[in-house]
Amino acid sequence: MVNVALKNVSKRYGNVVALEGVGLDVRDKEFLTILGPSGGGKTTVLRLIAGLETPSEGEIYFGDKKVNDISPRDRNVSLVFQNYALFPHMTVYDNIAFPLAIRNTPPDEVKKRVKEVAELLEITRLLDRKPKQLSGGEQQRVALGRAIIRKPDVFLMDEPLSSVDASLRIAMRTELKKLQKTLETTLIYVTHDQTEAMTMSDRIAVIRSGKIVQIDSPDVIYDTPRDDWVASFIGNPPMNLIDGVIGANGQVQLSGTQSSMMLPKSASADKLTSGAKARIGVRPEDIHVSSQPLDGMSCIGEIYLLESLGDSTIVDVKVGSSIIRAREKAGFRAQIGDKVYLKFDDRRLAIFDSQTGTRI
Ligand SMILES: Nc1ncnc2c1ncn2[C@@H]1O[C@H](COP(=O)(O)OP(=O)(O)OP(=O)(O)O)[C@@H](O)[C@H]1O
Ligand SMILES: [Mg+2]
């Protein structure tokens, strides 16, 4: 059990910059997820922590110990990849026992540990089977068993659930989170799936183009994204981003529309000079759609599309030249083309600098 720290770590492959100046402090026993789009550098971070790559610059620490020059074998980390590569000719028992067997662990000890791990993962009845006699989810559990049997200091997992089907993935998310709390081992988990990140993590590090853009708890990332890119990457549907121009008296004219609205008092109005461009961010669930005019901040549009999700309905409203998406209750009724009024919950608005994208 250790905390893991990356200090100003960069990684270059020839002239490809995979990571640039990454700082990351993973706490002891924490479930930290690295979330970002393809090519962002997620796997590179894991490979550096595992010791499969060396940083071009910067330092990696496990606790107080700098591990840059320590071999993967001596770092006591366990890796689980997307393709969990079980040994096909070995039984489940032997697959799980493998990491102990190659370290010359006494047979009695191996037997005891395999039994414990199999019970924890509820796969005792599968121990005599070969991998090809298992479902995808069962294979996944065996791979986890093989990773945890050694009691590593740190677990590293790279999209381990991406090849299991949707319903199993949801079940496995819960299991993994429970497992991590039971084992009390630091876990660094990589995914590009924001729902996985939101549901399992203590904290999320959002990475983009080799740089970490925000590290916070899922709630903080959702409620106060640091910039408009994080705002639009998290959430399904993502945060609406509407460009506008600041007018007099704290009003904002929404670009491409006839609508203007008052900015909330909470907005740092002093930083917003009249005539400045700004980008307003509002989450779909913080918009109310009504056929009647509404008090406060509202703008007018027409129904463009309705999408029922069962427990709620996503309402696409065309406002001027842009589409604003709102989440309404299930059973929301309207016709395409109906004139509607949108009211934004002003306590939940985000305002971003149009040029830099940074939250104001
Ligand atoms: N061995 C390598 N040689 C050259 N470039 C590499 C190498 N490994 C990774 N890269 C580059 O580094 C960048 C980051 O790659 P990485 O695999 O870390 O991304 P990722 O976030 O894991 O993406 P994905 O979600 O697709 O797995 C990419 O631009 C990739 O092309
Ligand atoms: Mg990857």
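The values are calculated or read from the model by the stated rules, or taken from the named source; none is laboratory data. A quick note: this is a predicted structure, and the numbers were derived from the prediction, not measured. Note that each Cβ is placed from the backbone with ideal geometry, even for glycine, and that neighbours are counted across all protein chains shown. Areas reflect the complete protein model, heavy atoms only, side chains present, ligands, DNA and RNA absent. Shrake-Rupley method; radii C 1.70, N 1.55, O 1.52, S 1.80 Å.
Near LEU161, once Lys and Arg are set to +1 and Asp and Glu to -1 for all other residues with Cβ below 14 Å from its Cβ, the sum equals -3. By the equivalent-ellipsoid construction on the alpha carbon gyration tensor, the range 128-177 comes out with semi-axes of 18, 16, 9 Å, ordered largest to smallest. Between GLU302 and SER232, the FRET efficiency from the beta-carbon distance, with R0 = 35 Å, is close to 0.90.
Roughly what would the spin-label model give for ASP25 and ASP345, points 7 Å off Cα along C-beta, in nm? For the pair ASP25/ASP345, the computed spacing is 3.2 nm.
Note on the range 300-342: the alpha carbon radius of gyration divided by the globular reference 2.2 N^0.38 Å gives 1.05.
Carbon and sulfur: what percent of the range 202-360's accessible surface (1.4 Å probe)? Of the solvent-accessible surface of the range 202-360, carbon and sulfur hold 46 percent. The residues of the range 178-286 have, on average, 43 Å² of accessible surface per residue, using a 1.4 Å probe with all protein chains present. Could you tell me what percent of the accessible area of the range 1-91 is made up of carbon and sulfur, with a 1.4 Å probe and every protein chain present? Carbon and sulfur: 46 percent of the exposed surface of the range 1-91. Counting 0.36 nm for each residue step from GLN335 to LEU52 and taking away their Cα separation leaves a gain of 96.2 nm.
For the chain, the longest principal axis of the alpha carbon atoms and the long axis of helix 107-121 meet at an angle near 20°.
Across the chain the C-alpha pair distances fall into 20 Å bins from zero in the proportions 26, 45, 25, 4 percent.
Each peptide in 10-16, 27-33 gets a packing score, the mean of other Cβ atoms within 10 Å over its residues, and the list from highest to lowest is 27-33, 10-16.
Please state the shape class of the range 21-135: rounded when a/c is under 1.5, otherwise prolate if a/b exceeds b/c and oblate if not, all from the C-alpha gyration tensor. Note, shape of the range 21-135 comes out prolate. Compute the Cα gyration tensor for the range 77-164, then decide on rounded, prolate or oblate, letting a ≥ b ≥ c be the square roots of its eigenvalues: rounded whenever a/c is under 1.5, prolate when a/b is larger than b/c in the other cases, and oblate in all that remain. The shape class here is oblate. Can you give the Rg/Rh ratio of the range 240-353, where Rg is from the C-alpha atoms and Rh is the Kirkwood radius? Using only Cα positions, Rg/Rh for the range 240-353 is 0.98. Size of the range 199-253: Rg and Dmax of its alpha carbons, in Å, are 14.1, 44.
Measure out, as a whole number of angstrom, how far apart the alpha-carbon centroids of the range 23-72 and the range 1-21 sit. For the range 23-72 versus the range 1-21, the Cα centre distance is 7 Å. For the chain, adding -39500 (n - 2.57) for each run of n ≥ 4 DSSP H residues and dividing by the number of residues yields -7000 deg cm²/dmol at 222 nm. For the range 135-215, a/c is not less than 1.5, where a ≥ b ≥ c are the root eigenvalues of the C-alpha gyration tensor, and a/b does not top b/c. That puts it in the oblate class. Rounded to 0.05, the FRET efficiency of the SER163 and GLN292 pair, given R0 = 30 Å and the Cβ-Cβ distance, is 0.05.
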